[in-house]
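Down below is the structure, laid out as structure tokens.
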Amino acid sequence: MRLDYPLNNIYTYDTVGEFLQEAEARFGDRPAVSVYDGEGKEHCHTYRMLVRDAKALALVLLDMGMAGKHLAIVGENSYEWLLIFLACSAIGAAAIPVDVEQQDEKIWQCIRFGDSCMAAVSREYEFLFQNTRCCPVLYLWDNHDARSLPALLSDGYRALKDREKELDLVMDQVQKEQTAAIIYTSGTISAPKPVMLSHGNIMYNACHAQALVETGTKAYTCLPLYHAYSLVCGALNVLTQGQHLGLNGRVKNWMRDLRLFSPEMILLVPMMMESLIRSIRLEQTRDGMREEAKKALKRYESRKRYHLSCSPFTHRAMTRVLGDSLFLIICGGAQLNERLAREFRCYGINVLQGYGVTECGPLICVNRNRRYRENSVGILLPGTRVKIQDGEILVKGPSVFKGYYKAQEETEKAFSEGWFCTGDLGYRDRKGFLYLTGRKKNLVVFSSGKKVVPEELEELIAQIPLVREVMVYGASNGQTADDVKLSAVIYADPQKTKGMTSYEVLERIQEEIYELNKKLPFHKRIQLIRMTEAEFKKTSIQKIRRGRF
């Protein structure tokens, strides 16, 4: 693994409109976006089709008076979702991607607070708008309404014949400082905040990600586009470089679509990586190859410990789950399990961990194909600066957001002398690699002055075979805030505990934590264990929503 090598050549754009104006000539009839329907049939759209569709729709939105206004997008991933985002942003309107996994009332709160003048809605969420006059609705499917996407595109194409120069002029006037999207944070601890990301923020982030990482020509994302990680690092990142994007619509079909699309790179979160590895192990078991795979993993880990090369263990079980082209997984959104990453590498698939927050566009850093550290979140995106202040990671750079929408006080609190305060704790080594240690708000502080980062203990407890999920926190033990007892709530793996009673599961886990405690300083020892019968609540990208118990 080389310690350093030149950045990759990339295409760059200042605005979404600039991308649309250049993409057709630059990429033409290359495949741009593929989606699969319920029967598994592929629907592929070329760059020429994508640009023409986006321009036709942009002209319709312009005639509706949407320039400079806000448009909410409510729906699951689809080509139409992506199309409305591009068209809306291109004319200087701000898109508001709405997390549809929330309660109905919270969806409405996002739409109302964001001052949406219009909402683009998929079939699955039409019911939310049937009895309200909050704002006009565009339908992202053909329901034979004048405001359905096919009807709007038909109108737009007729107008585009004579007015394309007019539209190009409007797109040229959009500045990179203008807001392209208002994206709500995932809200793992506090209520989600509306982050205003400019064209410059988003496009700089999307383009420069591939200055660090070589992704091949086919990339797949199954993560929701209403999250900045998937929208910017998944979709726009791939499209700005003229590559082929595989886009999953219905979450229940994400593994099927992955296999059908057969990408070279996948964008995932750790929980989805765990699902993939379980599927691969199951296929290995069916083929009678599971024991051989385990031996190959031990051999790989042994050789890597001494920096020796090792041939990948390949088997048709991999192809049945991942297709036949995958060589790279980009993982973000939560802390990566290093053992999981090593198993994928044993199979010849590199896993690169990255780190970002919505307010930073979102990507801050990522490991490189030939320059990575398994326990690090990588090196900084070009043009991005980081400093560590009292253990907290602070960021400056062209991707850092403009501010929170209608929340000046919150915006001011988020910055320290021009540096954005991420709330994450970490450090950098002499080679420039960034490491995360936990969240500032999760820090447990004792009356003695000792501090504990819960995430460090969670990582250790998660290695106990029976543990599926764990959350460590400081349980109140008295009258003052710092009189706490270090506690763990654990969700046991239902497959590994099958046939065991609740008492047997608790006893086994207690024994493991007792042994773990022996190796830890006294203030880091778990004093209280509580089991839960249900998985923890999670955000749209499968981060655990933390709370106090």
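Below, the figures for the structure above:
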| item | result |
| --- | --- |
| Failed item, numbered, when Pro454 is tested on (1) farther than 24 Å from Gln510 by Cα; (2) buried (at least 20 other Cβ atoms within 10 Å of the Cβ) | (1) |
| Options Ala228, Ala211, Ala180; residue that is of a type in the set (Gly, Ala, Ser) and under 17 Å from the mean Cα position of the chain (by Cα) | Ala228 |
| Qualifying residue in region 62-71 (condition: in contact with a strand residue (DSSP E or B) (Cβ under 6 Å, 6 or more places away or on another chain) and either touching a residue at least 24 places away in the same chain (Cβ under 8 Å) or of a type in the set (Val, Ile, Thr) (or both)) | yes |
| Residues of region 90-135 that turn out to be within 21 Å of Leu153 (Cα to Cα), assigned to a loop (DSSP other than H, G, I, E, B) and aliphatic (A, V, I, L, M), as a count | 2 |
| Residues of region 235-266 that turn out to be modelled with pLDDT under 95 and closer than 19 Å to Thr185 by Cβ, as a count | 0 |
| The lone exception for Trp254 - which of (1) assigned to a helix (DSSP H, G or I); (2) among the aromatic types (Phe, Trp, Tyr); (3) more than 27 Å from Asn237 (Cα to Cα) it fails | (3) |
| Candidates Val35, Val60 - the one that is outside any helix (DSSP H, G or I), in the same structural domain as Asp172 (by TED's automatic domain parsing) and touching a Gly at 6+ places or on another chain (Cβ under 9 Å) | Val35 |
| Lone unmet requirement of (1) at pLDDT 95 or above; (2) part of a loop (DSSP other than H, G, I, E, B); (3) loosely packed, with under 14 Cβ neighbours inside 10 Å for Leu3 | (1) |
| Residue in region 253-270 that is without any contact (Cβ under 8 Å) to a residue 60 or more places away in the chain and on the phi < 0 side of the Ramachandran plot present | yes |
| Within region 142-158, tally of residues that are part of a helix (DSSP H, G or I), more than 31 Å from the chain's Cα centre (by Cα) and either hydroxyl-bearing (Ser, Thr, Tyr) or more than 22 Å from Gln21 (Cβ to Cβ) (or both) | 3 |
| Which listed residue is touching a residue at least 24 places away in the same chain (Cβ under 8 Å), under 27 Å from Asn8 (Cα atoms) and of a type in the set (A, V, I, L, M, F, W, C), from Leu276, Leu231 | Leu231 |
| Members of region 309-340 found to be within 25 Å of Ala209 (Cα to Cα), over 19 Å from the mean Cα position of the chain (by Cα), surrounded by fewer than 20 Cβ atoms within 10 Å (Cβ to Cβ) and hydrophobic (A, V, I, L, M, F, W, C), listed by number | Phe327 |
| Residue in region 412-421 that is in contact (Cβ under 8 Å) with a residue 60 or more places away in the chain and either assigned by TED's automatic domain parsing to the domain that holds Leu363 or under 24 Å from the mean Cα position of the chain (by Cα) (or both) present | yes |
| Where Glu409 falls short, out of the listed (1) part of a helix (DSSP H, G or I); (2) touching a strand residue (DSSP E or B) at 6+ places or on another chain (Cβ under 9 Å) | (2) |
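The values are calculated or read from the model by the stated rules, or taken from the named source; none is laboratory data. As the structure is a prediction and not an experimental result, all values here were calculated from the model. For neighbour counting, all protein chains shown are included, and Cβ atoms are generated from backbone atoms with ideal geometry for every residue, glycine included.
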